[in-house]
C-alpha cells in the first residue's frame, strides 16, 4: 500500500537518507535506470485487455449472430449441409473482421496516448533534465511549478507559496497550501490525505508557486494508483458518439426485424417456399440488413483520423472530438505563441525618460531598468547556453546578453532570497535579492498600469523623484505609443528595504515602488497564420483573438492577420468593458467582437457560453492553469503542446504539438473529412441494406422466387465489409473547406443524407427487381425452372454489383464523381476489385453453382446485369446535378 513508511511524519533529511538521494544532486543516472528496471515504469496498470481469442468469442455474443448460428444448425439437421457451411463461414469471417477492426482502433488510440505522455522535471547527477513521467523512480528529486501535474507521490523538500489542487483524491475543491515541516503525530495516529500538507500526490495539479519534492512512491504504489486498481474492476462506459450510433443501430434493428417477420409471414402465405427456407431467409435478411459493423467502422475511421491529425501536429485526446471538430463555428485563439511565433524580442527601451531602439540603446547593468528586467525573471540557462523559460522573460535576458552584459555575474552578486510569483489577476512579478550591505532589493516587473498604481516615485539619471501627474502622463502616453506599434509593454520598478516583512505578499512588498522604465517587445506573427485565418473564413468559421495584451497591440496584430479589417476598431473589446456588461447584454452583442484585449482567463468562459447560447460550436485555446475551466466549457478545448501547462493539456480535447493556429484549421479540415467519410460509410451501408430488404419484400409480395439465405449472406459479407472500411479513408473532397459549418444540431443523417439513403435504396431494389423480371420475361432457356434459376442468378449478381457501383456514388453526397481523382483512393479500388471478384466467383467458377444456388449466365445476361448495375451511377449523377442546380449542396 502507498506510503507505508509514513514519510509525512519524518523530516526531509531522513526521507532523503532513506531513499539514498540528495536535493542538490538527485540520483545518478545509473541508479535511476537500476530502480526503473527493478520497480517498473511509473504508470498505472490499465485494465487487462482481452486476448485475440476472447475478442473472437465476443463476436459470437451478439444476438443476431447467435440467431444465425441457430439457423446454421437448423439447416444442417435439415440436410442443407452446403447452406449450413456457408452460413458458418460468413459468421466466422464477420468475427475475424470485427476483431481486426477492434485491434486497429485500439492501436491507433494507444499511439495517441504515447504521443501525449506528460513530462517531469527532475534533478539527476546535479543537472536539471526533463524526462517522461513514466521514467520517474523513487528517490528522484522533482521540481514543481504552477501548471505542472505532479508525476508521482512526493515528500516536499521546499515550497514557495505552493498550492496544489487535490480534488480528485480528497474531494476538497480548494487548493491546499503546502509546507515542508514534518507532521508531529503519535506512532499509531492516522491522518487523511487532505491533511498531509507536506505531501504532493500523483496526478494532482499545481495551481500556484513552486517547490521541490523527493519521490516516495510511483505507479500503482501511489495513492492514485490504489484508486486506479479499484477502477480497473469497473466496466468501460461508451462515448456519446457511440451511444448515438447504438441508438441508430437499435432503431434499425427493430425495424428490420419487423420487416423480416413480415416477409416470413407473406412467404408462407404465398406457399412458394418451405417453412425452413423462409425461416432461414428471414433470419439471413435480418442479419444482412442490420449494420452491426457500423460502430466498429466509425471507431476505426475516427482512430485513423486521429493518427492523420497527429502527423500534422494535432494530438486528439478524445476520439469523439474528431467529429466535433468538423462542425466548429468559432475558433477563439490566444495570441502569443499560437498566432505569433512566441519569440519575444526587445525592440524599444524607455528609461531615464528617453525612448530608444533596443539595438541603439547603451544599456549597462548599472541601469536599474536593466537590473530589474534581469532579476525579476525565472529564465534558466542550460549547459549549451540556451535560455529556458517564458518567451517574454527569455527576451529580457537575451537583451542583456546581446549587449554583452555579464548577466550571470549579476545573478550571482544579487542572489534571490524570496519572491511573489506572477499571477494573472494582479499582472505583476516580484523577486527579492540580498545586497552586499545586508539590505534587500525588491525588483518588480509587470503591466505598466498596475505598476503605476503602486509606484510613488520614479528614477531619472540615477535620481529618485516623487511621482507626479506629468511623469505619469508621460509614462502612459509612451506606453500607448509602444502598444500602437504592436509592442508588448512591461514596466519595471524597484525599492530597497533594510529588512523583510514577516509575510511576503503583494500587500507587503509591492507598494511604494520606484518606477524606472518601460520595455517594448514584439512577438512577430507566424507567417502561415494569415493564410489559415483566410481559409477559416472561407469555411464559414469565425476566427477570434483573445489576449491579455494591450488593446492597441491586439488591434495591430489582428489587422496584420486579417482577423479584423483596417477600420474594424469596434470589433475589439477589453476585459474591463466586458466586466461592465451583464451576461444578457454580452450574449446579445457577442457577435460584434472578434478581438478580446486585456482579458483574464476567466473571461474565456463567458465568451464560450455566450457563443454556445447562439447555437455555435466553439473551439477555444488555452495554455495556463486558469484556462482549464474555459477549455472544459468549450466544445473543443485546445491545449498548447509546447508552452501549455499539464493542467491545460489534461483539460483539453486536443493538444497542438506546435502551438500553431494554422494547425487548428488543419484539424478542422481533418474533422470535416472524418465526418464526411463516416457519412459515406453510413450512406453506403444503409442504402445497400434498404435495397436488399425492398428486393426480398417485393419478391415475396409478387410471389416470385426469392434469393436464398446463403446468397443474401454472401452479398452482405462481400459488399459491406471492404468497401465500407475503404470509404473511411476516402481522400478529402476538394470543396470541403468551402462549405459552411454543419451546426450544433446536425447528425450523421443530416445534410440531405437521409433522403439520399431512401431514394438510392429504393433505386437499388427497383433495378434488381427489373433485372429479375427481364430474366423471367425473356428467358434464354425454354425450360421454365431454368429460366427462374437464371433470373434469380441475375438478380443475385445485380444486387451485389449494384452496391459496388453505388460505392462510387457515395464518394460525395452532392458532388460528381467524374473527375480525375476518382481512383485516388487505392484502398477503395482494391476493396471494390476484391469484392467484385468474390461476387463473380460464385457464378463463374465451376463447383460454386450448387453451393450458392446459381446458374452460369451467357453474355446477354451478363450485359443486362452489368448495364443495369452501372445505371445507378448514371441515375444518381443526374439527381446530383439537379440538386446542385437547386442549391441543395450549400
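The values are calculated or read from the model by the stated rules, or taken from the named source; none is laboratory data. No experiment lies behind these values; they were computed from the predicted model shown. Reconstructed Cβ throughout: ideal geometry from the backbone, glycine too, with neighbour counts over all protein chains shown.
Some notes on this structure:
- Among the residues listed as 521, 492, the single one being buried (at least 17 other Cβ atoms within 10 Å of the Cβ), under 30 Å from residue 161 (Cα atoms), touching a strand residue (DSSP E or B) at 6+ places or on another chain (Cβ under 6 Å) and at pLDDT below 90: 521
- If you go through segment 396-414 and keep only what is out of contact with any helix residue (DSSP H, G or I) (no Cβ under 9 Å at 6 or more places or on another chain) and either crowded, with 16+ Cβ neighbours inside 10 Å or farther than 16 Å from residue 443 by Cβ (or both), you end up with 398, 404, 408, 409.
- Residues that are in a strand (DSSP E or B) and surrounded by fewer than 20 Cβ atoms within 10 Å (Cβ to Cβ) within segment 496-515 comprise 496, 497, listed in sequence order.
- Residue within segment 532-543 that is touching a residue at least 40 places away in the same chain (Cβ under 8 Å) and either assigned to a strand (DSSP E or B) or more than 27 Å from the chain's Cα centre (by Cα) (or both) present: yes
- In segment 288-307, the residues that are in contact with a helix residue (DSSP H, G or I) (Cβ under 6 Å, 6 or more places away or on another chain) and modelled with pLDDT of 70 or more: 297, 298, 300, 301, 302, 303, 305, 306, 307
- Condition check for residue 817: within 22 Å of residue 730 (Cα to Cα), crowded, with 20+ Cβ neighbours inside 10 Å, in the same structural domain as residue 779 (by TED's automatic domain parsing) and touching a residue at least 24 places away in the same chain (Cβ under 8 Å): no
- The set of residues in segment 344-362 that are touching a strand residue (DSSP E or B) at 6+ places or on another chain (Cβ under 8 Å) and part of a loop (DSSP other than H, G, I, E, B) comprises 344, 352, 353, 361.
- Test result for residue 836, surrounded by 14 or more Cβ atoms within 10 Å (Cβ to Cβ), closer than 30 Å to residue 750 by Cα, assigned by TED's automatic domain parsing to the domain that holds residue 677 and at pLDDT 85 or above: no
- Scanning segment 636-662 for residues that are buried (at least 23 other Cβ atoms within 10 Å of the Cβ) and assigned to a helix (DSSP H, G or I) yields a count of 5.
- In segment 453-473, the residues that are surrounded by fewer than 15 Cβ atoms within 10 Å (Cβ to Cβ) and outside any strand (DSSP E or B): 453, 461, 462, 468, 469, 470, 472, 473
- All positions within segment 591-607 that are modelled with pLDDT of 90 or more and either under 18 Å from the mean Cα position of the chain (by Cα) or part of a loop (DSSP other than H, G, I, E, B) (or both): 593, 594
- Boolean, residue 482 is outside any strand (DSSP E or B) and touching a strand residue (DSSP E or B) at 6+ places or on another chain (Cβ under 8 Å): yes
- Take the conditions (1) modelled with pLDDT under 90; (2) at negative phi; (3) surrounded by fewer than 22 Cβ atoms within 10 Å (Cβ to Cβ); residue 161 misses just one of them, which is (2).
- In this structure, residue 558 does satisfy being assigned to a helix (DSSP H, G or I), over 25 Å from the mean Cα position of the chain (by Cα), buried (at least 22 other Cβ atoms within 10 Å of the Cβ) and free of Cβ contacts under 8 Å to residues at least 40 places away in the same chain.
- Being out of contact with any helix residue (DSSP H, G or I) (no Cβ under 6 Å at 6 or more places or on another chain) and within 14 Å of residue 515 (Cβ to Cβ) is a condition met by no residue of segment 415-422.
- Considering residues of segment 570-590 that are assigned to a loop (DSSP other than H, G, I, E, B) and out of contact with any strand residue (DSSP E or B) (no Cβ under 9 Å at 6 or more places or on another chain) only, the residue nearest to residue 551 (Cα to Cα): 580
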